[in-house]
Amino acid sequence: MSAPAAGAAAERPGGETVGHRVPGGTAAAAPPGTWRGIALVARRELASYFDSAIAYVYTIACAVLANSIFMNEFFLAGAADMSAYFDLLPLLLPFFLPAISMRLWAEERKQRTLELLLTLPIRPLQAILGKYAAALALYGLFLAGSLPIVAMLFALGDPDPGLIAGGYLGLVLFGALFLAFGALLSALSGDQIVAFVTGTAVGFAFVLTGHDRVVAVLDGLAPGWAPGTLLYESFSVMPHYDACVRGVVELSSLVYFGALSAVFLWATGFVLERYRT
Amino acid sequence: MSRYAALLLGAALVLLSLNTVFALRVIGHLPEPRLELGRVKLAQLDRETESRLAGLAADAVVTGYFSHRSRMPSHLRRVEGEVRRLLEALERAAAGRFRYQIVDPDEEPDLARYAARRGVAPFRARSVERDAYSERTVWSSLAVAYGARPEVVLNGVGPEHLPRLQTLLIEALEQAERPRRPVVALAAPAQGFALIEELLAPHTEVVRVGFQEGAELPEGADLLLWLDPGAVEPRHLRALDRFLDRGRSAVVAGSELRVDGLDLVAGEAVPRFAASGFAAAPLLHHFGLRPRRGLVLDARAEQVEIGGRAVELPFAVRSIAHNQDFRTLRGQPNGHLAFLAPTALAPDGERLARLGWRAEALASSSERTALRPLPDGPVSVERLAREWGEPVAHLPLLVLLRPEDPWRGFAVFAGASTPFSDQGLLMPGHAHRALVGVLLENLVSPDRLLIHRAGVVRPEPLPELGAPGRLAWRAAAVLALPAVLLAVAAARRGGRRQRRGPRADRVSPARSGAAAAALLLVGGGLALAAARGLAGLDLRLDLSRERLAEPAPETRRLARAATGERALAAELVFTRRSGLPPQMRGWPGRVRELLRRLERAGAELTVATVFPEDLDEQGRARLAAAGVEPLELTAHEEEETRVRTVYSALVLRSGGRTEVLTLGDDAAIESLEFRLAFALHRLQTGRRPHLAVVSDVPRLTPAEAHEQYQTQGLFAPRGADPYGVARGLLADSGFRVTHVEVDPRGTEIPRDADLVIWFQPRRRVEPVLEPLVRHLRAGGSALVAAQHFNIQPRQYRGTGFRTVYWPQPQTPEIDRLYFPEVGIHLVREVLFDELRTADVTETQVARTGPRPEMERQVQALPFLLRASAANFVPHPVTRGLGDQAFPWASYVTWDEERLERLGIAAIPLIRSSERTWSFAWEGGWIPEELLAGPPLEDGRPAWLGRVALAALFEGPFPAPSEPLLEPEEGGEPPLGGETPAAEPAGAPGRLLLVGASEPFKNHRLFDPDFRADHLLLNAVAALALDEELAAVAARRPAARGFDYVAPERRLRWRVVVLGAGAALPVAIGLGLGALLAGRWRRRPALGRRRAAA
């Protein structure tokens, strides 16, 4: 929830109260329930995206770029599957996703509205999850921009729907993880550019540790220890993402994405808590 | 900002942009508008060039032949401009001695004829038109005339020429003025290779080099002759790579075996074989070849005189001129080549494709060749000839590796050094000297020398660095700047603290960060550990249609049967992880995982892991006795080329039987489940399905042989075995594969063959057709892959090098023998399909002389059919199959009524698109208008419609109405003839007729875009195995294509995907905005209503 949006919401008479103090007023409404609080923050954050050009510029630019790259070779390759799209996105998302997450907290800090937000009668966790849900929704909107590709594949050929579903699930989990650590970096850095650059760097670390060449080179540095393979198997996002793209959803992958995302969000909460105190 | 102001600003921006573009174009025409900072200049002349231009002895005129920019494919459009810029610079610097002109031969027919007289030819380049591959014939050549000297022509000038064009032109002038002799680096043992030096000396400058012993290759060497190599070490491979990367070529000749002499024991000649010390495997593996282990025996062999009598030595292979194919080179030896105890070479199709080489077998053994294990003790020549070995045909003994990158050098491998040795060069009646001449003529030809002199633009290779050095450089490159910046930040922070003192009122971000990092380390570590721990539980959901992550039902059934007496013992024989090349490190895990699944499916299974490096000699010998051999591989690992000897095998034992699966390549891992299931099947049944493979070698038509060879006193060549890779794939998959020799008197197909595979029948087919019909009538299965034509692009000087297409007849003859009687027709027409692919093929360019030159050019015409998976009929043969390339395929039709009468069912398996047309070729070139589309009938295109490219026929096959072969005295009576009633009806047989043999050839089988190996394995499994096991063979992820899509529809879809992709978020955003606004509007009203209440 960026500052202008939060302010606007506070001034709207009769708007959905988030229980904050009305200027000049003394009474405070009861704090909303957990889910309601999350929904309120998410809705406000999302509204702030769509009130400005952020959502439009971001989703249009990213969707057009990703779809164009896919379409460039699609008819030449002549294969009715989306694997080329799913292979492409891990290289684009480390740029795309920090562009959403960088502003989540850094802008609040820059505008000095974070203090205001943290004094509202919602728990930091609700604010974190609300903003995170809004960012996920925006990312989902970008993914929705690829649905015409799915329509085209089914119109032209007979793609495997299971593989497409698996690929999309992989993308959602991938995005959830990247947005979670992006939120943490945004909370930590206080500057959007720093948050973007560090987010991109960490994102590429997650992706490139799954690249064969990188694994081979890292293994070669200490052959007995095989650090490349260790990173690939333990740290990298790619084996889990690739499994989803192959249509295989493993419990270990769900735990990897879910637990890591939770840890990053928890750490974000910790940072904000420290900031408040 | 008002709307008017915004409009004005926008218009100003557009005008400014247009102005900038125009200014840039104007600047582009100025003489020296650019600064070239690199070492290699495109148009800026260096001092050396200027001094050479100043010293020109005669007038130099460069003529550029370029098609107009609008006709060029995108990647060639800027070439003319860059060339013109360079030529202008040269002209300015030469003070009148250098002139140039650029012409477009397409504009003026006379110009095209003028160019053709000078040997300048257009070439075909691939372009993409409306989202589909297309080809264009364009001109992009330079002819350099220097005084009265012969012109030097640079054909096919492309962007890759530009960085070195300046040097190429100057070197062309230099070469014309002062031709230099090529330098040959000769690396050979001191003894036995003196004559080769004498032979080379008149034409080249020979430099002896101790390459084997560690000496560097001379910088100026144009050709390396490495004869009888010994141990191959990484430094040899690195040096070879660098040498070839610089455009130089290498010839490596040697065998793993040596014959130390012949003893006369009890009147019989006994050869003394010994290991030569040459480690062929890593060297060949490095280049995408493999040694065929064992002793090569050939019925066409050299003779020696022992004790006054001539003794034929079957291991001294004589490759006669008919078994040689030098068509792609200038010249040919035109005589016998001898190879003493050679190491036969086998192409590794998948690796060759990955490395960018194309293997051409220049010389091979004869049709009657065998491979046998090297005898343990003394064995006489007579016994070798008697016992013979496993029949194999046309083993490649001399192989040329042609690079996909024309700037790279060629590599030639000979299975023995005999043709280059003193002994070989002195052999009477052999063409070894001519072979040396041919190799020189091609590998150090003037055009190759020009490339060598100009140099190839590649980054300088790094000096040899040890691991610590590499680590230090890596650390410096990655960490130096961050370390400096961190130090600066820390220093500044420290200074600020000193000035201001600590701030107790605020939480330090660094402290927050550190605390968060600690949290992350603990939490993240726990999360990762949990994920890793759960991976072993194998809890997963498989969303794919084929459920590829789970074993197939048949695999599970076979696993369930492996209990009690048939309990399974698996032994993983793998080198330790750190000793495996990177790409193989995950393989043991995959094998273990599959075994775990088998166990879960009910198999009684014990798994043991053996690390061969922990075994002593005896242990390794036991492995070898069980059939587990080490693989010698080379791998690029972390800036280093390494030679590794690794074990990668799975040994399965059950019920007293043993099966060994060697996992040496990606194909083995890709089909791991099938190979394992098939091995279980063999363990349980004790039977290995037997495939009999019949194939002929490619050869010229009689007219071509006469015109191009016999009139010149040359032997017409025949190609080597083009289906060796296919046979290797089937053998590696677990089948017993027997090569069947084609005997004109009557070919014998093994009676126990489960499947007969006949790759490209060629005239005369009766000796094979007769036993094939017998086999079908006995209820057997057959796969016949045949096509009528092999379409060759040709360019003739007389026609201005316009490209014409000639369908070279392959004469499969099954269109007129037996099959038409049954009602099955392989239609003898050239087939075209709008659904096509692109390929690089040999084009015959007839510049001078009767023998054309071969040039690799692009083809993207409708006779290169693309069989889309969307047009496959669901069947075990087509399951798990992606699109297939069927170049120059023929189509199959059948007479439904006749087949029905005979009780034969026909199933079309692979079909073309609807947009096909054909041409009943009788002679000459394919009419040009047919390349553009179907002929018109009543003003409308006459489409042929969807036709079958492969069909399966099942049922009792009848006897032929006429005997196919003449009866032999005392032999089996011929099938068919006057007493058809006497012939029994025959058991139901199965015939899979594929209208293309080209996809199964060595260089196409593993094409990464169209995996013909998948089609072959599917077809063989479907015909030779039961349906359930065949289904396991077809389990693989396959990208299935779609049918023909018209250009307009392609464009529409592009617009939809891009437009809707952008519009969807806008629509959703607007909708959301409207929704939120609506709610807000409603809420005050609600409040008012409540207040009123």
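Just so you know, all these numbers are worked out from the coordinates, no wet-lab data involved. Just so it is clear, the model here is predicted, and its values are computed rather than measured. All Cβ positions, even for glycine, are placed from backbone atoms using ideal geometry, and neighbour counts span all protein chains on display.
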Electrostatic dipole magnitude of the protein assembly as shown [Cβ: Lys, Arg +1; Asp, Glu -1; Cα centre; debye, to 20]: 7780
Contour minus Cα-Cα distance for B:Ala626 and B:Arg113 (0.36 nm per residue): 177.9 nm
Centroid-to-centroid separation of segment B:900-945 and segment B:702-727 [C-alpha atoms, Å]: 30
Estimated vicinal HN-Hα couplings, Hz - segment A:79-96 in sequence order (Karplus 6.51, -1.76, 1.60; Gly, Pro = x): 9, 8, 8, 9, 4, 5, 5, 5, 6, 6, 4, x, 8, 8, 5, x, 8, 5
Of the DSSP H helices in chain B, those whose Cα atoms cover at least 30 Å axially and whose Kyte score averages -0.5 or more: B:3-28, B:467-500, B:509-535, B:1047-1092
C-alpha long axis of helix A:147-156 to longest principal axis of chain A, angle in °: 30
Magnitude of the charge dipole, segment B:1-150, Cβ model with Lys/Arg +1 and Asp/Glu -1, debye to 20: 200
Estimated inter-spin distance, B:Trp925 and B:Gln712, nm [label 7 Å along Cα→Cβ]: 2.1
5 angstrom amide H check on B:Arg856, placed H, neighbours 5+ away: B:Thr843
Length-normalised contact order for chain B - Cα pairs under 8 Å, 6+ apart - percent: 9
Rounded, prolate or oblate (a/c below 1.5 giving rounded, otherwise prolate when a/b exceeds b/c) for chain B by Cα gyration tensor: rounded
Environment charge at B:Gln810 (Cβ cut-off 14 Å; Lys +1, Arg +1, Asp -1, Glu -1): +2
Protection proxy ranking of B:345-351, B:272-278, B:990-996 - average other beta-carbon atoms within 10 Å, highest first: B:990-996, B:345-351, B:272-278
Antiparallel DSSP beta bridges within the protein assembly as shown, percent to nearest 5: 70
Vicinal HN-Hα couplings computed from phi for segment B:343-360 (Karplus, 6.51 cos²θ - 1.76 cosθ + 1.60; Hz; Gly/Pro x): 9, 6, 10, 10, x, 9, x, 5, 6, 4, 4, 5, 8, x, 10, 10, 8, 10
Calculated from backbone phi, Karplus (6.51, -1.76, 1.60) coupling profile of segment B:1035-1044 in Hz, x at Gly/Pro: 7, 6, x, 10, 7, 8, x, 10, 5, 4
Gain on full stretching of the segment that runs from B:Glu219 to B:Ile320 - 0.36 nm per residue minus C-alpha separation: 32.7 nm
Calculated FRET value between B:Ala6 and B:Gln44, using beta carbons and R₀ = 60 Å, to 0.05: 0.85
Per-residue average of Cβ from other chains inside 10 Å of A:138-148: 4
B:Glu670-B:Glu962 FRET efficiency (beta carbon distance; Förster radius 60 Å; 0.05 resolution): 0.85
Three-way shape label, the protein assembly as shown, alpha-carbon gyration tensor, a/c 1.5: prolate
Size of charge dipole - chain B - debye, nearest 20, with Cβ of Lys, Arg +1 and Asp, Glu -1, no other charges: 7440
Signed unit charges on C-beta, dipole axis of the protein assembly as shown, positive-most listed residue B:Ser74, B:Ile170, B:Leu18: B:Leu18
Formal net charge of residues neighbouring B:Asp348 (Cβ-Cβ distance under 10 Å; K, R +1; D, E -1): +1
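How would segment B:1-151 be classified by its alpha-carbon gyration tensor: rounded, prolate or oblate, with rounded meaning a/c under 1.5 and the a/b versus b/c comparison settling the rest?
Taking the square roots of the gyration eigenvalues as a ≥ b ≥ c, segment B:1-151 is oblate.
Taking 0.36 nm per intervening residue step and subtracting the Cα-Cα distance, what contour gain separates B:Thr658 from B:Val265 on full extension?
Using 0.36 nm per residue and subtracting the Cα-Cα distance, I get 137.6 nm.
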Radius ratio Rg over Rh of segment B:686-756, counting only Cα atoms, Kirkwood formula for Rh: 1.15
Whichever lysines have a C-alpha closer than 22 Å to that of A:Lys131, once near sequence neighbours (fewer than 8 apart) are set aside: A:Lys110
Residues B:Thr563 and B:Glu1028, FRET efficiency given R0 of 30 Å [Cβ-Cβ distance, rounded to 0.05]: 0.95
12 Å beta-carbon shell around B:Arg1049, net charge (K/R +1, D/E -1): +1
Those residues of segment B:109-126 whose amide nitrogen sits under 14 Å from the label point placed on B:His68, 7 Å along Cα→Cβ: B:109
Residue of A:Ala84, A:Ala135, A:Ala180 that the Gaussian network model of chain A assigns the largest fluctuation, springs spanning Cα pairs under 10 Å: A:Ala84
